[in-house]
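The values are calculated or read from the model by the stated rules, or taken from the named source; none is laboratory data. Nothing here was measured: the structure is a model prediction, and the numbers come from that model. Because the Cβ atoms are built from the backbone with ideal geometry, glycine has one as well, and the counts that use them run over all protein chains shown.
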Amino acid sequence: MKSLNVDIAITTDRSMMTNHHRREFLGFLATGPAMYVPEEVWMYLCCPKPEIDEFGRPVEAPYGLRKIEAALQDAGFEAHIIDPDYLGKYVDKVKILMIGHHDFFAFGPPSSEWWLITGKEPVNRKSFFKLMESESIKKMRQRGVKVVVGGPAAWQWLWEPELVEKWGIDVIVEGEADEVIIDVARKILNGEEVPRYISVGAYESPPIDRIPLIKGASVNGLVEIMRGCPRGCKFCSVTLRPLRHIPIDRILKEIEVNKGFGINGAILHSEDILLYGARGIEVNEEALIRLHDAVTKSVKSVAWAHASLAAIVYSQRKYKLITKITDMIYSRLDQNYLGVEVGIETGSPRLAKIIMPAKSAPFKAEEWPDIVEEAFAIMHDHRIIPAATFILGFPGEEPDDVIKTIELLDRLKNYRSLIVPMLFVPMGILKSEEGGVVGMKIMQEHAEAMRKAFWHTVTWAEDIVYNFYMKGLRYEPLKFIIKIFLWYAKKKMSELEKKLLPKFSGKELSLKV
């Protein structure tokens, strides 16, 4: 294999450097341990190796890494994303190794939940440790290569100081690094001192015209349409960033980059797709129609990264906007469904009012359960398939709050969706400066909520996989493995169901971070 002149290699482990068989939701399997099948099979299911060019560069790479690569290349550096299996080709060339991740140590949701409940390390954590212990990185460190880490999970390094020392981490960058990474690289290459920890605050976040455009394909065609979120949920770090709407011409330029590498679909990324172009939380119908009109003329498939349930209800009630957008997508593109991630968070109006008072806006927090159900009904009718999450263990949570969540799960049983419980992880303004413990005492109500979510998800999973998500002969082997997994999971849950509540009730689950 040929090699390039590379001063800065950018990489991540296999759980991130993959396209998930072009089915983004399969990536969630990497947040748990391998269950009922060998780990190699599990990793194939969720994290197959991507196509690699002659220089060891993945054709598709995580969007965040593409942004860092573009920023550095625009500044004149010889910087390239290199697949983790090909780092060995660059051991004698690289001066800086940059590593990004969404969940370095599996401390974030939902990894921490599966780890705490099963007692087994998630495969994403094991995959990352394998990367950091690889001969290629060991040899780079021996040569004096500087190691820079960052991304959404940069905070996790603060709670693993022994690994910072063991693996020779030189710089940790937390926050939007599009601009600061250039200064970090320049100082390192010039032999200047760089702080070990750099936090990019909200006022240092780059304006739109200084956010670089990607130069290589992003995984499954993900493109950013917004940064930040105006809803201000206390548990979310995204609300700490300023809100910026990416102009359509810039979005289309990144789509064209992806198309140039054979990626003809687009995942529109935002913390709330339906607030694109909005004035605060007021849905902007015209901006959303213009966005989807332009995108559907440019690609063969579309997905949404995230949408808020309140915006789904509001936009449909006021503008019939969900109908207009899905009609446009289904009539123009070769797809019969739309995937999206949504956050239920809680079924308790009392807790919603405390922890996320604007999540339901423009509706009242007291209406939250009704808004959630109405949004699920709208999505079901319009063949929008949500991967939904709710959170257990919020500060101040009471048993009745969990009962309200259980009641809401019962109301959602007839709506096509995947629903996954998560344990509270202190992030956003709730994150302790001193660190702390991710975990909680499991009550009977928690175990029942988990049980409800399990049966809801496995009940709908086969319908989603067979009728929407994996149509075509190419997916038959994968569908067969998933079918066996679902059958076995249901069998084991049926056997354990009578023991589930006693097993978890009163058990203290904690993970120091």
* Structure fact -> The correct count of residues that are within 23 Å of residue 132 (Cβ to Cβ) and not in a loop (DSSP other than H, G, I, E, B) in segment 29-46 is 9
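This table checks each residue for (1) surrounded by 16 or more Cβ atoms within 10 Å (Cβ to Cβ); (2) among the polar types (S, T, N, Q); (3) under 26 Å from the mean Cα position of the chain (by Cα); (4) not assigned by TED's automatic domain parsing to the domain that holds residue 67.
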residue	(1), (2), (3), (4)
180	yes, no, yes, no
185	yes, no, no, no
190	no, yes, no, no
193	no, no, no, no
199	no, yes, yes, no
210	no, no, yes, yes
* Asked: Of all the residues that make up segment 1-30, how many are of a type outside the set (A, V, I, L, M), in contact with a strand residue (DSSP E or B) (Cβ under 9 Å, 6 or more places away or on another chain) and more than 16 Å from residue 50 (Cβ to Cβ)?
  -> 3
* Test result for residue 312, among the β-branched types (Val, Ile, Thr), assigned to a helix (DSSP H, G or I), under 21 Å from residue 467 (Cα atoms) and in the same structural domain as residue 424 (by TED's automatic domain parsing) -> no
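Return yes or no: is residue 184 outside any loop (DSSP other than H, G, I, E, B), under 30 Å from residue 26 (Cβ atoms) and of a type in the set (Val, Ile, Thr)?
No.
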* Select from segment 2-28 the residues that are basic (Lys, Arg) and part of a loop (DSSP other than H, G, I, E, B) and write down the one among them that is farthest from residue 150 (Cα to Cα). => 2
* Single residue of 108, 175, 151, 144 found to be surrounded by fewer than 18 Cβ atoms within 10 Å (Cβ to Cβ) and either at pLDDT below 95 or out of contact with any helix residue (DSSP H, G or I) (no Cβ under 8 Å at 6 or more places or on another chain) (or both) -> 144
* What number goes with the only condition from (1) modelled with pLDDT of 95 or more; (2) more than 20 Å from the chain's Cα centre (by Cα) that residue 266 does not pass? -> (2)
* From 419, 371, residue being of a type in the set (A, V, I, L, M), in contact (Cβ under 8 Å) with a residue 40 or more places away in the chain and in a strand (DSSP E or B) -> 419
* To do: Considering each residue of segment 270-298, count those that are within 30 Å of residue 59 (Cβ to Cβ) and surrounded by fewer than 20 Cβ atoms within 10 Å (Cβ to Cβ), and give that number.
  => 5
* Hits in segment 66-117 - residues which are under 15 Å from residue 136 (Cβ atoms) and in a helix (DSSP H, G or I) -> 84, 85, 86, 87, 88, 89, 90
* Which pairs do you get when a residue that is farther than 21 Å from residue 420 by Cβ, found in segment 393-407, comes within reach of a residue that is part of a loop (DSSP other than H, G, I, E, B) and modelled with pLDDT of 90 or more, reach meaning Cβ atoms under 8 angstrom, with the pair 6+ apart or on two chains? -> 400/348
